[in-house]
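I have placed the structure first, in the form of structure tokens, so that the comments after it can refer back to it.
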Amino acid sequence: AIRLLEAIHERFELARAYREQARRVKGDSDPERLREAQDYAFKAMSLFEQLGLEDAGSDCEGILRELNAPTWLVAPRTERPAHHPSSQAQDIARAHGFLTQHARTLDVVRKASELLSTPARVLLQGETGVGKNLLAYMFRTFEIERGRPFVEVNCTSLPGDLVESELFGYVRGAFTGAAITKRGIFEDADGGTIFLNEIGELSERTQVKLLQVLDDGTYRRLGEVRSRQLNVRIVSATNKDLDAAVKAGWFRADLFYRLGQVVLSLPPLRERREDIPLLIRNYLDELCAREGRQVLFSEDALEYLVSLPWLGNVRELKHKIESIFLCAGRQDLLDRASLMPILYPGAGAPSDAYPTRGLRGKVDMVKREEVLAALSRNGGNRSRAALELGITRRHLIRLLKQIY
């Protein structure tokens with residue numbers, strides 16, 4: 001109960017600080033400072049609403065209007081139905097950079113926001129490009145605002161032979177070339193949060209070392225005899241199915257269970273297609289403001305973009321929309337016919353080999369997306385993808401021949 005009261009008080013004070021920051025910049029004409037003030041006011045409004053302080057939230061809404069904030073920052077709050085169940089979750093998601101109307105995604109973001117003030121170890125799962133980094137940066141913002149460290153580690157970039165010394169540090173003379181004593185990454189994150197990105201890429205030896213830290217909160221610098229105590233929260237992320245990896249024997253079950261005190265799984269973009277038009281409009285608005293010209297999609301072009309599998313998810317969609325915008329030339333309205341040469345330069349538009357009409361067409365589309373998604377999650381490894389799908393490797397190869 002005491003921790004809950006402390007968390008409520010902390011959010012209230014943070015909201016007040018955001019509101020004051022926004023008020024200070026109200027009369028400023030610098031566009032960059034105005035955008036910063038709008039961000040502060042919106043965050044304050046979201047926090048006050050979470051605390052049930054409607055009057056304070058309305059005050060922040062008034063500040064947003066005085067700052068000439070974009071309509072999407074203010075309108076959703078005033079136009080939504082009074083008892084919309086996901087309105088608070090949408091405010092939280094928007095405050096942290098998520099543009100989504102998808103109920104499951106909103107639920108994941110809401111749960112992440114509730115975990116910020118807890119010491120729980122959080123495992124973020126999802127395909128490449130779904131927004132795992134945005135979730136992780138919610139924790140970064142929380143820590144930095146409180147003056148605590150947030151250290152990000154990409155596990156794929158750790159040098160194989162030096163993983164242990166990079167993570168835990170070393171003492172002088174521990175190995176050839178160790179001329180000084182060096183702190184490790186975990187020690188740099190002590191008192192805050194460490195974000196282990198691509199955790200599924202850790203070697204078995206490093207998994208064992210990490211397990212010891214999770215078990216008793218102690219570690220040793222390389223070459224050191226005494227153990228050191230560590231107080232750090234671990235947030236990890238992976239685009240692999242670690243549950244399948246555990247069953248296949250290439251990821252330790254005990255480490256998986258300790259890392260995932262709470263598991264948050266972001267759905268792929270193809271499972272939340274209602275977000276695609278929203279994301280496209282947002283990207284086009286950003287590009288129009290940056291380039292000083294406008295490009296719009298006709299209804300049939302938008303429908304076609306929504307129907308694509310987007311195996312690279314939100315990241316792929318963003319890059320593709322930017323590419324279309326830059327290649328559109330003087331065209332300000334793109335229909336499907338004019339979109340095809342931009343999407344598939346140097347080749348004819350793909351035939352409708354996978355019609356979505358009729359039951360068989362829909363089944364074929366789902367089958368295709370599941371196969372390609374499994375390959376994406378497993379880095380193109382067919383054996384692992386087949387294991388995840390519960391089919392033989394030979395069966396998977398037959399399906400790939402049908403797809404291509």
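A few comments on the model shown:
Every residue, every condition in (1) in contact with a Ser or Thr (Cβ under 8 Å, 6 or more places away or on another chain); (2) under 20 Å from residue 202 (Cβ atoms); (3) assigned by TED's automatic domain parsing to the domain that holds residue 50, yes or no:
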{"site": "93", "(1), (2), (3)": "yes, no, no"}
{"site": "102", "(1), (2), (3)": "no, no, no"}
{"site": "134", "(1), (2), (3)": "no, no, no"}
{"site": "145", "(1), (2), (3)": "no, no, no"}
{"site": "148", "(1), (2), (3)": "yes, no, no"}
{"site": "156", "(1), (2), (3)": "no, yes, no"}
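- Only residues that are more than 20 Å from residue 318 (Cα to Cα) and either modelled with pLDDT under 85 or among the aromatic types (Phe, Trp, Tyr) (or both) were counted in the stretch 90-103, giving 3.
- Among the residues of the stretch 93-110, the ones that are touching a residue at least 60 places away in the same chain (Cβ under 8 Å) and buried (at least 16 other Cβ atoms within 10 Å of the Cβ) come to 5 in all.
- Taken over the stretch 148-185, the criterion of being closer than 24 Å to residue 235 by Cβ, more than 25 Å from the chain's Cα centre (by Cα) and hydroxyl-bearing (Ser, Thr, Tyr) is satisfied by 165 alone.
Here is a yes/no grid of residues against (1) modelled with pLDDT of 75 or more; (2) assigned to a helix (DSSP H, G or I); (3) closer than 18 Å to residue 275 by Cβ; (4) more than 14 Å from the chain's Cα centre (by Cα):
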| site | (1), (2), (3), (4) |
| --- | --- |
| 77 | no, yes, no, yes |
| 83 | no, no, no, yes |
| 88 | no, yes, no, yes |
| 105 | yes, yes, yes, no |
| 114 | yes, yes, no, yes |
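For every residue, the table says whether it meets (1) part of a helix (DSSP H, G or I); (2) at pLDDT 65 or above; (3) at negative phi.
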{"site": "351", "(1), (2), (3)": "no, no, yes"}
{"site": "363", "(1), (2), (3)": "yes, no, yes"}
{"site": "367", "(1), (2), (3)": "yes, yes, yes"}
{"site": "372", "(1), (2), (3)": "yes, yes, yes"}
{"site": "376", "(1), (2), (3)": "yes, yes, yes"}
{"site": "396", "(1), (2), (3)": "yes, yes, yes"}
{"site": "399", "(1), (2), (3)": "yes, yes, yes"}
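- Selection count where residues are free of Cβ contacts under 8 Å to residues at least 40 places away in the same chain and farther than 19 Å from residue 378 by Cβ, scope the stretch 225-264: 5
- Among the conditions (1) of a type in the set (S, T, N, Q); (2) surrounded by 18 or more Cβ atoms within 10 Å (Cβ to Cβ); (3) over 24 Å from the mean Cα position of the chain (by Cα), the only one that residue 313 does not satisfy is (3).
- For beta carbons closer than 6 Å, sequence separation of 6+ or different chains, a first residue in the stretch 133-155 that is within 13 Å of residue 115 (Cβ to Cβ) and a second that is assigned to a strand (DSSP E or B) and of a type outside the set (Gly, Ala, Ser), the qualifying pairs are 135/124; 136/195; 136/235; 139/193; 139/235; 143/150; 143/193.
- Residue within the stretch 296-304 that is assigned to a helix (DSSP H, G or I) and within 16 Å of the chain's Cα centre (by Cα) present: no
The values are calculated or read from the model by the stated rules, or taken from the named source; none is laboratory data. Given the structure is predicted, the values throughout are model-derived calculations rather than measurements. Cβ coordinates were reconstructed from backbone atoms using ideal geometry, including for glycine residues, and neighbour counts include every protein chain displayed.
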